[in-house]
Each structure stands twice: as C-alpha cells, then as structure tokens.
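Just so it is clear, none of the values below were taken in a lab; they were calculated from the coordinates. Being a predicted model, the structure only gives us computed values, none of them experimental. Neighbour counts are summed over all protein chains in view; Cβ atoms, including those assigned to glycine, are modelled from backbone coordinates with ideal geometry.
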Amino acid sequence: MTEPQIRFDDGAAYEDFMGKWSQLAGDTFLQWLAPPPGLRWVDVGCGNGAFTEMLVERCAPVSVHGIDPSPEQIAYARTRLPSSHVQFDVGDAMALPCADRSFDAAVMALVIFFVPDPARGVAEMARVVRPGGSVSAYAWDILGGGFPFAAMQEEMAALGSPPVWPPSLDAARLETMRTLWSGAGLVQLETREITVQRTFADFDSFWRIAQTGPRVAPRLAAMTAADVDLLQARTRERLPADAEGRITYTARANAIKGYLPA
C-alpha cells in the first residue's frame, strides 16, 4: 500500500511546529560547518525559509538559492526574505533546476529523509557545486528517537495511530550518510550528532504546537475525544514540568559535511 505523501504547505504553521527546531539545530550545525563569507549557496528543501534566513544572517553569502517542492512554502519564504541576492524557486531535490558547478556550497536542512531517492539527491548537490565546494546536511535521528515530539508520536502509536514517517528514514543515520556522500564522490567527510533543547512555557504551550504538525493533525482528527484526552494525559506524564511549570524537550539530529574534489 502506498503511504500518504507528507506535505508542508503552510509556512506559518510550519514555523511554530518545526521552523524553530530547525533554527536551534541549524545554529549548532553552522558553527560546526564554519563556512567562510562570500559563498554562493543552494538550500535544497528550503521550506518556509527558516534555515535560508540563518544562512543570510550568519554566513554573509554572495547569494542564496532556495528550492522546495511546495509552492505554498516558497511563497511564504519569499515574504520572509525579499532580498535581491536571495532567490526561491519550486523544484525537486532529485532534479535541481540549476546548472553544473553553479554554487560554492549545497545544503539540506532536515530534508534528506523526505527525498525518495537520497543517493540521487546527494548526487544532485554534488553536481551543482564547484570543485572544492561543500555539500552538507543535517536531519533528525528519527530511527534513534531524536525527533522533536517523539514522545507524543509514540503515545499515539500505542493508541492505534502510528506515525506516517518520511520515506527515507535510514538516510539520516550517520553510517548511511557517509555511504551516500562517498557514493557521490565527496571527500574529507566529517559527521557529528547535534543535540538541542526547546523550552515551552507550560504543557499547554507544547500541546498547542505539537497538534499542528502535518503528521499529527489528521490523525488527531480521526481519534475519539476520549483517546485524545488519554493521549494528552500520557504525553503530559512523559514531559515533567519544572518548578515554574515549563517543559523542556530534547531532540537530536545527525550531520555530515564533505567536499567535491578540487
């Protein structure tokens, strides 16, 4: 049976649900990547532009080209970064609408497990960077329990509503990433784990945001009111609050960087 396609078509909702997580992990990722200023970047699977904005603010690029399959996300990203040196286009990670050797750096932020053929996606990034250019990515370690909101997903599964995960979860494992990057002819490979935390004012704040996810909202709508109440209670038990009622949640991503031989 074909799994339903996971789509992110609401830029504003995505910002609260995953955009902030992306920025937290992206901050550590960019510090580790330590790119020089003045590069030409392509942000593959740019979504609503959350990570693209970080590239602009922190990396002093000459230009950034964001590409994503969702017209709605691209439309949101264009309002977020209306800059002459930032371009957003609808496109496929497995067939980038870019010429060979067009960029100094290619990056995928929380995207590789959405690509149906990850090897082809990495090969496309390698194709569009110049010799000596970098190809990098980070992605939630979903198989290792690192996904934000994993506790809620696990409790939903226990109540008979298993999550619909992206098609290529294994691509986010560190050993698989190394194989993909090596297979694309990239060298000087380095990998690392990225652990981040996000604090919510209280459980209700966490719950409000957790319900907006594209993998969650339709499943919640299909559950009985009693099961939703039980889900909320079980999730609350797994996320103890501090003395001021705040909820702190930890997530983990895997990252890789490599270079096209000069």
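Checked against (1) within 21 Å of R234 (Cα to Cα); (2) of a type in the set (D, E); (3) buried (at least 16 other Cβ atoms within 10 Å of the Cβ); (4) in contact with a strand residue (DSSP E or B) (Cβ under 9 Å, 6 or more places away or on another chain), E155 passes all but condition (4).
Go through region 159-193 residue by residue and tally those that are of a type in the set (A, V, I, L, M), farther than 15 Å from P116 by Cα and in contact with a Leu (Cβ under 9 Å, 6 or more places away or on another chain). Don't jump to the end; show me each part of the working.
Residues of region 159-193 that are of a type in the set (A, V, I, L, M), as a first pass: 159, 164, 169, 171-172, 174, 177, 180, 184, 186-187, 189.
Next, from what is left, pick out any that are farther than 15 Å from P116 by Cα: 159, 174, 184, 186-187, 189.
Pick out the ones that are also in contact with a Leu (Cβ under 9 Å, 6 or more places away or on another chain) and you get 159, 184, 186-187.
The number of residues fulfilling the criteria is 4.
Of the residues examined, G47 is not one that is in a strand (DSSP E or B), crowded, with 23+ Cβ neighbours inside 10 Å and within 18 Å of the chain's Cα centre (by Cα). The number of residues in region 91-124 being within 16 Å of the chain's Cα centre (by Cα), part of a helix (DSSP H, G or I) and closer than 17 Å to Y259 by Cα comes to 2.
Taking the stated definitions as given, is T199 over 18 Å from the mean Cα position of the chain (by Cα), assigned to a strand (DSSP E or B) and closer than 17 Å to W21 by Cα? Criteria met by T199.
Out of R130, R208, R198, one residue alone is more than 30 Å from L239 (Cα to Cα) and among the charged types (D, E, K, R). It is R130.
Among P240, P218, P162, P261, which is exposed (fewer than 14 other Cβ atoms within 10 Å of the Cβ), in a helix (DSSP H, G or I) and either of a type outside the set (D, E, K, R) or free of Cβ contacts under 8 Å to residues at least 12 places away in the same chain (or both)? Steps first, please.
Numbers: P240 fails: in a helix (DSSP H, G or I); P162 fails: in a helix (DSSP H, G or I); P261 fails: in a helix (DSSP H, G or I).
Just a single option satisfies the conditions, and that option is P218.
Among the residues of region 132-147, those identified as within 11 Å of the chain's Cα centre (by Cα) and assigned to a strand (DSSP E or B) are A137, Y138, A139, W140. The one condition from (1) out of contact with any Lys or Arg (no Cβ under 6 Å at 6 or more places or on another chain); (2) surrounded by fewer than 21 Cβ atoms within 10 Å (Cβ to Cβ); (3) in contact (Cβ under 8 Å) with a residue 12 or more places away in the chain; (4) not acidic (D, E) that A109 does not meet is (2).
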